[in-house]
Ligand code: AMP
């Protein structure tokens, strides 16, 4: 299954993608995770994108498109993939269509997690990530068993630099301006499925499985 997850920062895309990985045995490809990992490791890519990512702006399309194309050509994408946080501009969406068609593939669905700005700000300000394994928590809806400590690996939980309120509001504005036109783009391709991303994780998962079940039978 070839899927795109759309929605503002804090809509839960990463959380839901991670839960689908095992069930469908397809990789979760988060361009944000790829950039953050490169920054943490201090690679050439990391140095190039560090200031852009920390300020909440978008990395140039050309660089991002090349990175995704290389990733989609890896053998683990043979049965499908979940793209989370990509595409984020019309240029990226068109580039994705082009790269998929050159690989003889098409997108099955774009799942749109609809969430308003205040929910996003409230959620992200209470989001924490494990500094060691990257697992995502929310102090209110998905708290760790022990304060400040990752349930899985014992790593320390931290707040992402771009999860501070001013940066989150600016990322939301970037989303509205640059990414939200993709909703129309995928609607016009009859590939758009919209979910109420304000609902609980369990409710959203249920709706998501319903949608994906329908797609698989097609
Ligand atoms: P995310 O974890 O998806 O919220 O992404 C974190 C940051 O990485 C974004 O605010 C951008 O700076 C950068 N980024 C992630 N994906 C993309 C993309 N598809 N295009 C441009 N920049 C991106």
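Of the residues screened, residue 182 is one that is touching a strand residue (DSSP E or B) at 6+ places or on another chain (Cβ under 7 Å), closer than 30 Å to residue 97 by Cα and in contact (Cβ under 8 Å) with a residue 24 or more places away in the chain. The number of residues in segment 156-176 that are more than 16 Å from the chain's Cα centre (by Cα) and assigned to a helix (DSSP H, G or I) comes to 7. Restricting attention to segment 21-42, the residues being surrounded by fewer than 20 Cβ atoms within 10 Å (Cβ to Cβ) and farther than 28 Å from residue 165 by Cβ number 6.
Among the residues making up segment 3-30, a single one is in a strand (DSSP E or B) and away from the ligand (no atom under 13 Å from the Cβ): 3.
Just need a number here: residues in segment 57-73 that are more than 21 Å from residue 179 (Cα to Cα) and without any contact (Cβ under 8 Å) to a residue 24 or more places away in the chain. Here the count works out to 1. In this structure, does residue 54 turn out to be under 23 Å from residue 132 (Cα atoms) and touching a residue at least 40 places away in the same chain (Cβ under 8 Å)? Against the criterion (under 23 Å from residue 132 (Cα atoms) and touching a residue at least 40 places away in the same chain (Cβ under 8 Å)), residue 54 qualifies. Please work out if residue 63 is near the ligand (Cβ under 10 Å from one of its atoms), at pLDDT 95 or above, part of a helix (DSSP H, G or I) and in contact with a helix residue (DSSP H, G or I) (Cβ under 8 Å, 6 or more places away or on another chain). Considered against the rule, which asks whether it is near the ligand (Cβ under 10 Å from one of its atoms), at pLDDT 95 or above, part of a helix (DSSP H, G or I) and in contact with a helix residue (DSSP H, G or I) (Cβ under 8 Å, 6 or more places away or on another chain), residue 63 comes out as yes.
The number of residues in segment 87-101 that are touching a residue at least 12 places away in the same chain (Cβ under 8 Å) and either within 11 Å of residue 68 (Cα to Cα) or assigned to a helix (DSSP H, G or I) (or both) comes to 9. For residue 76, are the conditions met, namely being at negative phi, touching a residue at least 40 places away in the same chain (Cβ under 8 Å) and surrounded by fewer than 16 Cβ atoms within 10 Å (Cβ to Cβ)? Yes, satisfied. The single residue among 120, 68 that is farther than 30 Å from residue 44 by Cβ, assigned to a helix (DSSP H, G or I) and within 14 Å of the ligand (Cβ to nearest atom) turns out to be 120.
Residues that are touching a residue at least 12 places away in the same chain (Cβ under 8 Å), within 21 Å of residue 109 (Cβ to Cβ) and more than 12 Å from the ligand (Cβ to nearest atom) are absent from segment 31-40 altogether. Here residue 84 passes the criteria (1) more than 14 Å from the ligand (Cβ to nearest atom); (2) in contact (Cβ under 8 Å) with a residue 60 or more places away in the chain except the one numbered (1). Among the residues of segment 185-200, those that are touching a strand residue (DSSP E or B) at 6+ places or on another chain (Cβ under 7 Å), surrounded by 12 or more Cβ atoms within 10 Å (Cβ to Cβ) and not in a loop (DSSP other than H, G, I, E, B) comprise 186, 192, 193, 194, 195. Residues in segment 134-148 that are part of a strand (DSSP E or B) and exposed (fewer than 15 other Cβ atoms within 10 Å of the Cβ): 1 in all. Checking the structure you have, find out if any residue of segment 43-57 is in a loop (DSSP other than H, G, I, E, B), on the phi > 0 side of the Ramachandran plot, buried (at least 18 other Cβ atoms within 10 Å of the Cβ) and modelled with pLDDT under 95. Checked against the condition, which is being in a loop (DSSP other than H, G, I, E, B), on the phi > 0 side of the Ramachandran plot, buried (at least 18 other Cβ atoms within 10 Å of the Cβ) and modelled with pLDDT under 95, segment 43-57 yields at least one hit.
The values are calculated or read from the model by the stated rules, or taken from the named source; none is laboratory data. Because the structure is a prediction, the values reported are computed rather than measured. Glycine gets a Cβ as well: all are built from the backbone with ideal geometry, and neighbour counts include every protein chain shown.
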